[in-house]
Each structure stands twice: as structure tokens, then as C-alpha cells.
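Please read the structure below before turning to the comments.
The values are calculated or read from the model by the stated rules, or taken from the named source; none is laboratory data. This structure is a prediction, so every number in the text was calculated from the model and none was measured. Neighbour counts run over all protein chains shown; Cβ positions are idealised from the backbone, glycine included.
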Amino acid sequence: MPRVIDLADFEKTKPYKGHYKRDLAALQDRLERILVAHIVHDRRAVVMFEGWDAAGKGGIIQRLTADWDPRHFAVHPIAAPTDEEKAHDFLWRFGRALPAPGDIAIFDRSWYGRVLVERVEGYASEAEWHRAYEEINAFEADLIAGGTTLIKLFVHVSQAEQDRRLEDRLDDPWKRWKTGLDDYRNRARRADYLAAMHDMFARTDTGGAPWTVINGNDKKAARIHALTAIADHLEANVDMTPPALDPEVERVARAALGLD
């Protein structure tokens, strides 16, 4: 029987009880080694984020990548499609951004826009967004079958917490760039978005590509939860054995460094 995901179950604010800075640093050390393992073993991964405006996705991504080699990851912030992208199937632009062997791609919003914002705002027809569930499941199944690790996270916040953060963006002049009219158009249709999210979870929470919902009401707890979930999933799909030292490199290095 399919899993039922009810976002109301992820709204209770639970302040982080641990030692946040120490725990975050330990996770970032672990994630750094995980990226090295992907580089060494030519593994690909996609980490995909969906969630409400002001839910904290950017803060999680910032901390996820803090110690990563920038040559081996890319963050793709997904906005409205360009005219070129509209001329193709809606999944085309995402296929172009998939990672090379040894790399990790991070999507800040994703192909799920077809069944969320495009559905709610009427940018996709009912036939298009209905058809998209099967298209998305097939796209993700192909990714996984090709050896790509796929992680799907949804960052949830309550209406009250979202409102507090939106107000903060008005009051803090250095955060105003983060907000716009879209935030308030989306906020006004929260019930419609919740219905779309419910359908999205029901139709795309598959055995091979399940959703992980993050309670974002406390930013510290959300970051630790999200990074732990990502690390666990990535680590389970890559050989974490450190690479052996090349004997010839060791011989030359010891001679050059006077270590013999």
C-alpha cells in the first residue's frame, strides 16, 4: 500500500537539541568524504529540493556544499523556462543539467514544477500535468537505472512560520532581494498548492525514488535533518573505501620529500 504523506505531520516546531555547530561540522566533514568517493568511483548523484517559498532550501544547500570541491558539483536554481526550453518537452532542460560521472547536481526546484506551480497557476493544461506524473516517474526510473543516485527532499513550513520569514524579508534591507510578488500570489493559493502537493506525493513517492519531507520550522533542526538524510542516502550508494596510494607516486614523493 502506498505511503501517505500528510504535510500537517511536519509542522510542529522542534528546536534543535544538539550542539549545532559541532554537529554541522561533523556532517560537512562526512559529506566532503562522500563527494571524494563519488569522484574516485565515477558515481553520479542528483539532490533535488522542493518546498515553500522561504522554507530554507537555500540555507540547506549552502551548508550542504560548504566543503565540496566546486569542480565536482553544480547548483541549478530553477526559474520559469526560457523560450528555447519551452520549445522542448518540459523535462528537456533538466536532462541537459544532469551530472557527469564523479559529479553531484543539486536542483533548487525541479521538474516537479509541472505538477505544482504550472498546475496551480494554469501554465500547464490539465492534460499536461496529469500526464506529467508518469513522465516524471519514468524519467527518475531511467536516472536510477543508469546508476545515478536520486534524492528528493521537500522542505515544509507552516503558514505562520512562512509569514514570519516573509515579514523579515521586508524589514531587513539585505534580504529584500529574496522576495517578490510571486511569494504573495503563491501564499494566497496555499490550499491549492497543498492539494497539488498531496497528489504529487501520492503519485511520485515510488520505491526507487521516495520523498523525504523536512520540517523546516526550525532552521537548525531542518539543516541537520536534511544533511543527515542526504549523507545517509549518498553513502549507501557509493563505495566509501579510500583510494589506495599509487606505489610509484609514493616512491617519487618519498624521494622528493626526503622521507626515505
- How about region 127-145: which of its residues are without any contact (Cβ under 8 Å) to a residue 40 or more places away in the chain and over 14 Å from ALA195 (Cα atoms)? ALA127, GLU128, ARG131, GLU134, ALA138, ASP142, ALA145
- Which condition does ARG176 not pass, out of (1) more than 21 Å from ILE34 (Cα to Cα); (2) at pLDDT 95 or above, if it passes all the others? (2)
- Residue list for region 1-51, restricted to those being in contact with an Asp or Glu (Cβ under 8 Å, 6 or more places away or on another chain) and among the aromatic types (Phe, Trp, Tyr): TYR16, PHE49
- Item | Filter result (among the polar types (S, T, N, Q) and surrounded by fewer than 19 Cβ atoms within 10 Å (Cβ to Cβ)) within region 202-236 | THR206, THR212, THR228
- Task: Taking only region 1-58 into account, find how many residues are more than 30 Å from ARG164 (Cα to Cα) and assigned to a loop (DSSP other than H, G, I, E, B).
- Result: 6
- Message: Name the single residue that is surrounded by the fewest Cβ atoms within 10 Å (Cβ to Cβ) among those in region 184-197 being touching a helix residue (DSSP H, G or I) at 6+ places or on another chain (Cβ under 9 Å) and either over 17 Å from PHE49 (Cα atoms) or without any contact (Cβ under 8 Å) to a residue 12 or more places away in the chain (or both).
- Response: TYR184
- Message: Would you confirm whether or not region 220-237 contains a residue that is among the small types (Gly, Ala, Ser), in contact (Cβ under 8 Å) with a residue 40 or more places away in the chain, touching a strand residue (DSSP E or B) at 6+ places or on another chain (Cβ under 8 Å) and not in a helix (DSSP H, G or I)?
- Response: no
- Do you know which of the residues in region 92-115 that are crowded, with 17+ Cβ neighbours inside 10 Å and more than 16 Å from the chain's Cα centre (by Cα) is farthest from ARG189 (Cα to Cα)? GLY102
- Could you say whether any residue in region 221-237 is at pLDDT below 95 and more than 16 Å from the chain's Cα centre (by Cα)? no
- Task: Determine if region 102-111 includes at least one residue that is modelled with pLDDT of 95 or more and on the phi > 0 side of the Ramachandran plot.
- Result: yes
